[in-house]
């Protein structure tokens, strides 16, 4: 996701010295140990089972189509599947990357995915996004055509937002609708956002708990809504169709400028125009 800062913070885990000018690195499959592959398989088995009735159909179908089951995925093999379906590819990066590089990759339908994997003792939580978060969480939904179009359009919006001084509102859109997005499907609220799908705790919290607020997707509300980066989300936004996301990009330039100057809405706060959804079944 975008770093939303002029320079990367110190102490990041990846090997940034090995990165090219566009912040990509070589994914050396021979560098992964058997322990790395077993960590991936453990995470995959655990999370895939949990998501069976809680993830969006398009995500689950995408997961089945990708070569992710047997160990740390080879980005080249995964890219071949993506390229045929929606024109996307994966590029390996050392971790969080600067805004300009991030937006450029998305605009060109290249998804920047961290190449290192968490340690076994970090199965339940890792501070920085690793390959499991990026590949397992983000990549399957890139096989959904409308979402794929939206994310490329999001990347193209980056330069405009930077000129406006509106990177923070644009980052909120990514956080709420790419990392933590929910979908109404078959009368139920299911997850498609990577931050939900790659976390067991967030999956249960987002789809079943009565604690968080689930609101109908409204771009103006999303662009003003702050979030927690180190806790379960208190507010989620729900779409009824992936095409809504791409359609929202048309009016986004004007909304970004307005949101830049608007008072942010705290993560747990309500707004007078909120339209809540029930957890499942009933509106």
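Please compute the contact order of the chain in relative form: average sequence separation of alpha-carbon pairs under 8 Å and at least six residues apart, divided by the residue count, as a percent. Walk me through the intermediate numbers first.
Working: 473 pairs, mean separation 53.8, N = 283.
Value for the chain: 19 percent.
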Fill in the blank from the handout: Residues of region 37-53 with backbone N under 20 Å of the label point set 7 Å from the Cα of residue 64 along Cα→Cβ are 44-53
Practice task
Please give, to one decimal in nm, the separation of the simple spin-label points placed at residue 156 and residue 77, each 7 Å out from Cα toward the Cβ.
Solution key: 3.4
Handout entry: Full-stretch length increase - residue 250, residue 188 - with 0.36 nm per residue and alpha-carbon distance subtracted
Key = 19.5 nm
Handout entry: Estimated inter-spin distance, residue 38 and residue 26, nm [label 7 Å along Cα→Cβ]
Key = 2.8
Practice task
Over the Cα atoms of region 64-122, compute the convex hull volume and normalise it per residue, giving Å³.
Solution key: 92
Practice task
For residue 229 and residue 164, calculate 0.36 nm times their separation in residues minus their Cα-Cα distance, and state this gained length in nm to one decimal.
Solution key: 21.0 nm
Practice task
Among 214, 13, 54, determine the one that fluctuates most according to a GNM of the chain built with springs between C-alpha atoms less than 10 Å apart.
Solution key: 13
Practice task
Evaluate the relative contact order of region 158-220 (contact order divided by residue number), counting alpha-carbon pairs under 8 angstrom at least 6 apart; express in whole percent.
Solution key: 19
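Let me have the 222 nm mean residue ellipticity of the chain computed from DSSP H runs of 4+ only, each contributing -39500 (n - 2.57), with the sum over all residues rounded to the nearest 500.
Numbers: 11 runs with 110 residues, N = 283.
Helix contribution divided over all residues of the chain: -11500 deg cm²/dmol.
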Completion exercise
The residues 154, 227, sorted from fewest to most surrounding Cβ atoms within 10 Å, come out as 227, 154
Problem - Cβ-based exposure ranking for 177, 29, in which fewest neighbours within 10 Å come first - result: 29, 177
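For region 1-104, divide the Cα radius of gyration by the Kirkwood radius and give the resulting Rg/Rh value with two decimals. Could you put the intermediate results ahead of the total?
Values: Rg = 15.7 Å, Rh = 15.8 Å.
Dividing the radius of gyration by the Kirkwood radius yields 0.99.
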Fill in the blank from the handout: Comparing 140, 272, 21 in a Gaussian network model of the chain (Cα, 10 Å), the one with the largest mean-square fluctuation is 272
Practice task
Using only Cα atoms, locate the centre of region 98-117 and the centre of region 42-63, then give the distance between them in Å, rounded to an integer.
Solution key: 24
Exercise for the section: Could you please rank 263, 257, placing first whichever residue has the fewest other Cβ atoms within 10 Å of its Cβ? Expected result: 263, 257
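Of all the Cα-Cα pairs you can form in the chain, what percent are over 33 Å apart?
Details: 6401 of 39903 pairs.
When every Cα pair of the chain is considered, 16 percent fall beyond 33 Å.
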Exercise for the section: Using only alpha carbon positions, build the gyration tensor of region 142-201, then give the equivalent ellipsoid semi-axes as the square roots of 5 times its eigenvalues, largest first, whole angstrom. Expected result: 25, 14, 10
Exercise for the section: Pull out the extension gain between residue 84 and residue 271, defined as 0.36 nm times the separation in residues minus the alpha carbon to alpha carbon distance; nm, one decimal. Expected result: 63.1 nm
Exercise for the section: With springs connecting C-alpha atoms under 10 Å apart, model the chain as a Gaussian network and identify which of 178, 81, 72 has the largest mean-square fluctuation. Expected result: 81
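All of the numbers you see were taken from the coordinates with simple rules; none came from a lab. These figures come from a predicted structure and were not determined experimentally. We place every Cβ from the backbone using ideal geometry, glycine too, and count neighbours over all the protein chains shown.
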